[in-house]
Amino acid sequence: MRRLIWHRLVQLPLVLLAVYTLTFTLAWLVPGSPLEKPEGRRPPPEVQAAMAERYNLDDPWTFYWSYLERASGVAWVTGETSGPIFDFGPSLRHENWSVNEILAGQLPVSMALGLAAIVIAVLLGVSTGILGGLRPGTTLDLVTQGLSVVGVSIPAFVVGTVLLLAGGVWTGWFPVGGWGDLAHMVLPATALSLPFAAYIARLTRSGVLDEMHSDYVRTARAKGLPERVVVLRHVLPNALLPVLSYLGPATAAAMTGSFVIEKVFAIPGLGMHFVDAVLGKDLTMIMGVVLVYATILVLMNLMVDVLHAWLDPRVRQAGVAHG
Amino acid sequence: MHRFLIPLLILIAALVAVRLMDDPAPPAEFTLASENEVFTLDPQRMSWLADMRLANALFEGLTAWNTDDFTMRPALARSWTTSPDGLVWTFNLRPDARWSNGDPVTAHDVIWSWRRLLLPDTAADYSNLLFDVQGARDFWSWRTEALADLPPDDLIAAAAQAETIETAFADMVGLKALDPHTLEVRLEQPVPWLLDQLAFAPLMPVHRPSVEGWPKTIDTSRGWHESTLPTIEERAFVRLDPNSGRIEQDPRWARPGTLVSNGPYVLTHWRYRRDIRLAANEMFDGPQDMPESVLVRSFPDPNTALMAFESGEVDWLTGVSADCRSDLLAQKDRGLRKTVHARPAFATDYFLFNCRDTLPDGRLNPFGDARIRQAFALATDKQAIVDHVTRLGEPLTGAFTPHGSIPGYTPPEGLGFDPERARALLDDAGWSDRDGDGLREDANGEPFPPVEILYTTSSARFRRIAAALRDQWQRQLGVTSRLVGQDSKFFGADRRKGNFMVARGRWYGDWGDPTTFLNMCRSSDGNNDGGLSCAAFDDLLDQAAAADEPAARLDLLAEAERVLMEEQLPLLPICQVVEVTMYDPDRFEGMTEHPRLVQYLHEIRPQVTQP
């Protein structure tokens, strides 16, 4: 187990370097300049040249290396900068802000939204999944299954707009867009949770169905255990393991992939601004966000592996046997 | 089983932790939804409308616009005089003008801010605004060359060069503080729209000690020009870049707490792409009934902004979702909505012709011939486009400068819809249907190349107009077209490189003079993407620049625009842009209706609502 953790942590910088290089190459190839407006008056050529030089946009190598030096903390270690250890530089499009500040302000918002969605998704998904799995083929099962198909297939902006209209404009129960209060969170987190809830419901249902027919459940029943105990003590712990494996990638996806919801609900999260950064070729912002996202993904996966091992003795022992 | 609750508990704990790090912005007396994000609050670095709207609230320029007719009125300058030849202007500043920290606003503030705009170090989009000031262009070149000559990584040389800026500027540039409240401006040539430009955000003064981050120990209460300048190392927000030797501004000066302003408002909150909150500036003598606080909320999705307006969370929607505009206007016409307002703006939607004879890939470009450009313009039924495609009732135009937007200037009529003449012009240019297949060929039987119409995919509007042009040109002229939709980055790159035959465009005027439009078509201009090179037109612009009489000058410009829009046709103007905004006229008064669409936030008057 310890070995696994070390392995992953040693790999992390290499993964990040590869991600950085690949992203930089792709981002650099996008035409245009982040300092340029898509239309309207352009400043005189000498001003454009001065700006490009100031932000190292005239030379990819200089940009690549100087950014890498600052972002990786090397510049901080060698004492070249006195700023933050990992310095992602100023945003090229939002020059009054550094990428570090933007990340510090926006990442918690995206995280809170993603976490809230996952909590809702787990509660909704697991409960409907158990209900369906215990009584397969009943109307209740069909209804929950049908709903989960709907949950996966309706695009987020439709769900979001409908929720906004119903919960905000028509009833006035919740504020329309924005962020800050708990009330701001209800609609977007619900909208974001639906596809995850649907998937969790299906995982739970098939897990419960499988386990209900397994030998140890028959044995437990034969021992005369009440059905409640059979389900809670024997079926669920095994049936929920796939859900647990899914939680890692799902949480990461909910925290990083909420840009449609963020846009519809005017939530100042990172996902939406990342998309805008790509469209605007805001190189420093793109690189900063990608590096942070990559780190989160690697760490999330690691955390799930650890949790998984701790909850499932088979995995834990396999890990020991191999290591 | 209880073990399974642990992941869930971890999630909930994390959720609570991140939630505790946040709080909502306090409500404000007036809330507006900005359809465009704010990029910077540094006036000298601005070039976007949404940024300038806030500059107008935070800062005060020498002059200001009367927003009903766009004549000029005194602001920071209470009066001014000009020499008979129009070259020397003297501005008398209000002696009681104060920065929000109590320091006096002086002529030195104005001069320093303009120097900041002019320095190549600032790399401002509008650096060249001041190039008509005596010696300003020389100063720009002097500093640019000095920076280029600096040895790399030599901070001592860089500091020595930076030390000389102060005196070089005073020696070279025709700006002088005759006393702390009198500013003298000497021009290279008369600038008839000077007063108009002085109200423009990049020329607004900023407070040097707070921009540069001077140590608090320096007393600036009698104006910073009275104190000894701190060294560059002592200034917290500027530093010399070791590689280039440039003075680098730390943009964090323009934040709540550090931004010192001289306008009607001060900045109290600014959260990145989330909200900006302004509160009345106690040092500013504004109108009694102006909103005490203003909240600017960011809505990346215009449909959400519309819903927020409908639910009453937003008082003013600066721009309405393109999907809903024509429906909302139709409701307004039926008397169902009085909150929708459509206003012609100081902008023109047009399609640009590539005036070069060949395209970058070597293909022949028929639009190099002015007759063909005229023919395509004459074959365009703009009325049909506005009635059936855009459906916003935009005023049609055959000119580039919007009608009625500049006092004393009448743009030409331009070319109307005349398909007969259009076909005759094409025949005349050698393109006619020689084999009877309904398509045009040249003398060698080569068919007219398919016209490539380049547009941006950001909004359905431009695709629809482009499709309408394709159909009209096919019907009237017998030529085929191909629609090329592109993301704005690719579009911008292709347009700049001249890699198109016809490309869509929209141009907003900056200052109240036809040159703000016409300069774009000057052969030497950096925005002349169509590559028009017309000596007669350039010559008329030069003559106008040298004219003494304002009326004669405007006549020359009108003639220049006539040459442009009736003979050369580097672009096909479709209509004046119409902006659709929403607010309740019973709750707020003082909203401008002039095409320039500059809204001073402190001129909004919230009305006491009837119970």
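Every number here is computed from the coordinates shown, using simple stated rules; none is lab data. Source: prediction; values computed, not measured. Cβ placement follows ideal geometry from the backbone for every residue including glycine, while neighbour counts extend to all protein chains displayed.
A few comments on the model shown:
- Calculated FRET efficiency for the pair B:SER79/B:GLU248, C-beta based, R₀ 35 Å, to 0.05: 0.40
- Sequence-distant residues sharing a close amide H with B:SER481 (under 5 Å, placed H): B:VAL451
- Computed FRET value (nearest 0.05) for B:THR480 with B:ASP69, which takes r as the C-beta separation and R₀ as 56 Å: 0.75
- The mean sequence separation of alpha-carbon pairs under 8 Å and at least six residues apart, normalised by the residue count of region B:208-345, gives a relative contact order of 12 percent.
- Spatially proximal lysines relative to B:LYS382 (Cα-Cα < 25 Å; intrachain offsets below 8 disregarded): B:LYS332
- Shape box of region A:108-280 [Cα atoms, principal axes, largest first, Å]: 63, 33, 27
- Spherically averaged projected area of chain B from its Cα convex hull (nm²): 37.1 nm²
- For chain B: relative contact order, % (alpha-carbon pairs under 8 angstrom, 6 or more apart): 17 percent
- With respect to chain A, whose longest principal axis is taken over its alpha-carbon atoms, helix A:2-29 is tilted by about 50°.
- Local electrostatic count, B:THR480, Cβ distance below 14 Å [Lys/Arg +1, Asp/Glu -1]: -2
- Counting charges near B:ARG343 (Lys, Arg +1; Asp, Glu -1) among other residues having Cβ under 14 Å from its Cβ returns a value of -1.
- Relative contact order (%) - criterion: Cα under 8 Å, at least six apart; region: chain A: 26 percent
- Proximal aspartates and glutamates relative to B:LYS497, as straight alpha-carbon distance under 17 Å, when same-chain residues fewer than 8 apart are discounted: A:GLU36, A:GLU39, B:ASP357, B:ASP361, B:GLU452, B:ASP487, B:ASP525, B:ASP529
- Temperature 4 °C, viscosity 1.567 mPa s: under these conditions the Stokes-Einstein estimate for chain A, based on its Kirkwood radius over C-alpha pairs, is 57 µm² per second.
- Dipole size of region B:345-578 about its Cα centre, with +1 on Lys/Arg Cβ and -1 on Asp/Glu Cβ: approximately 1040 debye, rounded to the nearest 20.
- Considering only A:VAL119, A:VAL186, A:VAL47, the Gaussian network model of chain A with Cα springs below 10 Å gives its largest mean-square fluctuation to A:VAL47.
- For the peptides B:432-440, B:303-311, residues were scored by their other Cβ atoms within 10 Å and the scores averaged per peptide; the highest-first order is B:303-311, B:432-440.
- For region B:53-83, backbone nitrogen atoms closer than 17 Å to the point 7 Å from B:LYS176 Cα along Cα-to-C-beta are found at B:81-83.
- A Förster radius of 35 Å, combined with the Cβ-Cβ distance separating B:SER523 from B:GLU166, puts the computed FRET efficiency at roughly 0.40.
- Residues listed by number, region A:187-218, amide nitrogen under 15 Å from A:GLU227 label point at 7 Å toward C-beta: A:209, A:212-213, A:218
- A simple spin-label model places the labels of B:GLU549 and B:ASP487 5.5 nm from each other, with each point 7 Å out along Cα-to-Cβ.
- Packing-based order for B:506-515, B:146-155, A:284-293, B:63-72, using average beta carbon neighbours within 10 Å, highest first: A:284-293, B:506-515, B:63-72, B:146-155
- Each peptide in B:272-285, B:192-205 gets a packing score, the mean of other Cβ atoms within 10 Å over its residues, and the list from highest to lowest is B:192-205, B:272-285.
- Pairwise centroid distance, computed over Cα atoms, of region B:51-71 with region B:460-482, Å: 40 Å
- Stretching B:GLU234 away from B:ARG363 to a fully extended chain increases their span by 40.5 nm, per 0.36 nm per residue minus the current alpha-carbon distance.
- Local charge for B:TRP431 was computed over the other residues whose Cβ lies under 11 Å away, with Lys and Arg +1 and Asp and Glu -1, and equals -3.
- Note on chain A: with a GNM built from Cα contacts shorter than 10 Å, the maximum mean-square fluctuation among A:LEU134, A:LEU92, A:LEU240 falls on A:LEU134.
- Cleavage-rule hits, trypsin sites (Lys or Arg not before Pro), region B:112-154, DSSP coil, Cβ neighbours within 10 Å at most 11: none
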